[in-house]
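Encoded as structure tokens, the structure appears first; notes follow it.
The values are calculated or read from the model by the stated rules, or taken from the named source; none is laboratory data. Values in this document were obtained by computation on a predicted structure and should not be read as measured data. Cβ: placed from backbone, ideal geometry, glycine included. Neighbour counts: every protein chain shown.
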Amino acid sequence: MTNIGYIVGSLRNGAYTRMLSRALPDLAPSSFKLAEIGIGELPLYNQDLETDTPPPAWTSFRNQVKNSDAILFITPEYNRGLPAAVKNCVDVGTRPPKQGVWKGKPAAVISLSPGRLGAMASHQQLRLLLSVIGVPVMPSPEVYLSEASKLFDSTGKLTSEDTIKLLTTLLHDFETWIGRFG
Ligand code: FNR
């Protein structure tokens, strides 16, 4: 099995990004075992807390990333940028120095917005950020999901056929991408 840790970039109840994450197990290759890595409880990164006993939520987060074979980000966009919670989790995972958990970990990015641009700015910022910290981000397909309210039914189930096809392609390509990194 390939352990995929996925990160939902929104903390709110009823988030479209979370609705999307619920559709993934049905679309993923059978080799994938998907588990969410929560970021909502992570204290904001503060070097003063980086002692022998850092916040337990940091340690738990770092271990979950370490134990994942690959990471899938599903992010919205705030003010044409990456939500602070996502940036914070990236920062937490890069420390302490030389003990970061991201380097070499294959990743893929999905962005989503109720607007027309599919959270493209946030998506691109995340790709840049990940490449800077040594994360091999799958270059394509680039999945920017727009008009999110039209993708789900009233129960929150993903019903957009085009989106289902696109996500299925992304997940199967991700399997191949992960394979390249042993
Ligand atoms: C937003 N939203 C938003 N949308 C967008 O496409 N581009 C943007 O720059 C912003 N900016 C923004 C700032 C802040 C502070 C909030 C709270 C929201 C709208 C956003 O896409 C919308 O709330 C989504 O529903 C958030 O994703 P989830 O929570 O549904 O996953």
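Please tell me if residue 22 is at pLDDT 95 or above, among the charged types (D, E, K, R) and closer than 15 Å to residue 113 by Cβ. No, not satisfied. Condition first: within 13 Å of residue 88 (Cα to Cα) and in a helix (DSSP H, G or I). Now tell me which residues in the stretch 25-48 satisfy that. Within the stretch 25-48, just 47 meets the criteria.
Filter the stretch 157-182 for residues that are polar (S, T, N, Q) and either in contact with a Lys or Arg (Cβ under 7 Å, 6 or more places away or on another chain) or part of a loop (DSSP other than H, G, I, E, B) (or both) and give the result. Write out each step before concluding.
Within the stretch 157-182, the subset polar (S, T, N, Q) is 159-160, 163, 168-169, 176.
159, 160, listed by residue number.
Which members of the stretch 8-30 meet the condition of being more than 8 Å from the ligand (Cβ to nearest atom) and without any contact (Cβ under 8 Å) to a residue 40 or more places away in the chain? Selection gives 13, 25, 26, 30. Out of (1) on the phi > 0 side of the Ramachandran plot; (2) over 14 Å from the mean Cα position of the chain (by Cα), what's the single condition that is false for residue 119? Exception for residue 119: condition (2).
State which residue is surrounded by the fewest Cβ atoms within 10 Å (Cβ to Cβ) when the search covers only the stretch 133-160 and only residues that are among the hydrophobic types (A, V, I, L, M, F, W, C) and within 24 Å of residue 179 (Cβ to Cβ). Break it down stepwise before answering.
First pass over the stretch 133-160, keeping only residues among the hydrophobic types (A, V, I, L, M, F, W, C): 133, 135, 137-138, 143, 145, 148, 151-152, 158.
Next cut, within 24 Å of residue 179 (Cβ to Cβ) only: 133, 135, 137-138, 143.
Details: 133: 14, 135: 21, 137: 17, 138: 20, 143: 19.
Step by step, filter the stretch 133-160, then rank; the result is 133.
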